[in-house]
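Remarks on the structure that follows.
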C-alpha cells in the first residue's frame, strides 16, 4: 500500500474511571491498548490505519498520549490503486488545456480542501475510464490565482469541462461519480 495523508484524527485515551461520552468503551479499548504497544499494530475498527513507533515523513499524524513516555504515530494508508491525476499550472495551461485536441476536465482544488480530497479518486477513476477520449488535470488554486480568477472560481472543488479550448460546463462540489459522467457524456 502507498501511504496518503490524514488531515486530522482524535483518539480518546481513557483513564481509569473515565468514560467518554463521544466514543463507546468497546471502540476505545483496542485503540488505547494499541497506543501502549511498542511495535506497529493495526487500529481495529479503522481500516487502512495503524500506529507505528517511527514516523513516515509523507503520511503521518502524530498523536500524543497524555501518559508520559507513550507516543505513537497514526498512519493512514491509501490503496496503491489510486490513480494520480496530473497537475496543470499557469505555464502549461495553454498547451495542455486550451490547445488540446480532446476534451479536458480540470479540477480546481487546494491542499487544505477536504471535499477536494474526496473527489480526487473519482477524477482519477474517470481519467482511466475515458482514457483517449478525455484528458483530466488538476489545478491548485493557491498556486495559480490568475487562472482561478480568470474562470471565476469561488468555491472548490470545481470541475470545468473544456472542448476546443472553450469552457463548456462546470460542476461545483464533491458530487457523485454519476453526476460527472452525465456531464462528460453530453460533450463527448
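None of the figures in this text is laboratory data; all of them are computed from the coordinates on show. Keep in mind that what you see is a predicted model, and the values were worked out from it rather than measured. Virtual Cβ from ideal backbone geometry, glycine too; neighbours counted across all protein chains shown.
Against the definition (under 19 Å from the mean Cα position of the chain (by Cα) and farther than 14 Å from residue 85 by Cβ), how does residue 183 come out, yes or no?
The answer is no for residue 183.
All but one of (1) touching a residue at least 40 places away in the same chain (Cβ under 8 Å); (2) part of a loop (DSSP other than H, G, I, E, B); (3) in contact with a strand residue (DSSP E or B) (Cβ under 7 Å, 6 or more places away or on another chain) hold for residue 175; which doesn't?
(3)
Please verify whether region 153-171 includes one or more residues that are surrounded by 12 or more Cβ atoms within 10 Å (Cβ to Cβ), assigned to a helix (DSSP H, G or I) and without any contact (Cβ under 8 Å) to a residue 24 or more places away in the chain.
no
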